[in-house]
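Chemist: Supplied in structure tokens, the structure appears directly below.
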């Protein structure tokens with residue numbers, strides 16, 4: 001089932017269950033999907049990579065806001081943002097753990113023949129494409145730096 005249809009089905013479920021917080025988050029996802037659909041690309045279906053990127057962006061925005069709220073001792077708003085993150089996360093592919101990430105990046109480093117930090121761009125380019133949606137870009141960059149500095 002395409003993400004758009006899944007979101008619509010989940011919106012109906014949330015409405016019936018009277019889950020206002022979840023409903024608001026799902027409507028925000030649907031709004032973003034509609035923006036992508038009507039952006040002039042002429043496509044009926046949204047490519048999976050594009051929808052994953054959009055979901056990751058939404059999560060990053062909420063996590064950034066949550067950090068700001070936490071630093072300003074606004075625990076109520078921090079909790080709201082983190083709750084929204086928990087509603088968005090299930091729509092992303094299964095996230096990699098640190099061991100899986102390390103293995104994949106080691107293989108990419110071998111494949112590209114990277115030897116030092118000078119080669120980070122090559123590794124990041126391939127890693128970002130290969131790991132899209134499976135982990136955050138910041139975690140990929142941190143792991144690449146760690147492995148190239150050894």
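Chemist: Residue check, residue 61 against (1) assigned to a helix (DSSP H, G or I); (2) surrounded by 15 or more Cβ atoms within 10 Å (Cβ to Cβ), all met but one. Which one?
Modeler: (2)
Chemist: Name the residue that is farthest from the chain's Cα centre (by Cα), counting only residues in the stretch 87-109 that are surrounded by 13 or more Cβ atoms within 10 Å (Cβ to Cβ) and over 30 Å from residue 122 (Cβ atoms).
Modeler: Restricting to residues being surrounded by 13 or more Cβ atoms within 10 Å (Cβ to Cβ) and over 30 Å from residue 122 (Cβ atoms), the top hit is 87.
Chemist: Output the number of residues of the stretch 1-47 satisfying the condition of being assigned to a helix (DSSP H, G or I) and more than 26 Å from residue 82 (Cβ to Cβ). Explain how you work it out, then say what you get.
Modeler: Quick first cut of the stretch 1-47, residues assigned to a helix (DSSP H, G or I) only: 3-16, 20-37.
Narrowing further to those that are more than 26 Å from residue 82 (Cβ to Cβ): 5, 37.
Residues that pass the stated criteria total 2.
The rows are residues; the columns are (1) more than 30 Å from residue 130 (Cα to Cα); (2) surrounded by 15 or more Cβ atoms within 10 Å (Cβ to Cβ).
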residue	(1), (2)
47	no, no
56	no, yes
65	no, yes
68	yes, no
73	yes, no
81	no, yes
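Chemist: Consider only pairs whose beta carbons are under 9 Å apart and that are at least six residues apart or on different chains; among these, list those whose first residue lies in the stretch 101-122 and is on the phi > 0 side of the Ramachandran plot and whose second residue is surrounded by 13 or more Cβ atoms within 10 Å (Cβ to Cβ) and assigned to a helix (DSSP H, G or I).
Modeler: Every condition considered, the pairs that remain are 113/119; 113/122.
FYI, it's all coordinate maths here, none of it is from the lab. Every value quoted in this text rests on a predicted model; they were computed, and no experiment measured them. FYI the Cβ positions are ideal-geometry reconstructions off the backbone, even for glycines, and counts take in every protein chain you see.
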